[in-house]
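Below is one structure, written out as structure tokens; comments come after it.
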Amino acid sequence: MIRTDRVTIVICFLLVAMVSHVAIADWSNAPVRAAQQEVQFAKSFNALKTKIGPAGEGNVWHHIVEQRAANINQFGAEAIHNTQNVVSVSRGVNQNLANYYSTVQPFTQGQTVRQWLGSQS
């Protein structure tokens, strides 16, 4: 199980809301099919998608904790590829998140958001 502090979870939540232009008050209406199921774990993202099915028309499954090698090495594949760590978002939102994670922001002290988040675990 991933041990994630509340600050990191809130930051990820706010990033998703910000780049998707979804008001936080409206977040409960977002298509989060994975959260409505019993928690399922898989050893790979493809295996997880086989278990839970498609994210919905025009949507993709987005990992809250990214599925990069450093995270898989630190937490294990099943901690990354599970239904508590994916959310259904539009392709555009997913790309906006990826783009944002590649930027340097004032709070990241010269690192990209992705690098900074990695150092917060």
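The numbers here are math on the coordinates, done by the rules we state, and not lab data. Only a predicted model underlies this, so the values are computations on that prediction, with no experimental measurement involved. We place every Cβ from the backbone using ideal geometry, glycine too, and count neighbours over all the protein chains shown.
The criterion of at least 2 residues that are in contact with a Ser or Thr (Cβ under 7 Å, 6 or more places away or on another chain) and surrounded by 14 or more Cβ atoms within 10 Å (Cβ to Cβ) is met by the following helices (runs of 4 or more DSSP H) wholly inside the range 40-119: 91-101, 113-119. For the range 82-100, the count of residues that are aromatic (Phe, Trp, Tyr), over 20 Å from ASN46 (Cβ atoms) and in contact (Cβ under 8 Å) with a residue 12 or more places away in the chain is at least one.
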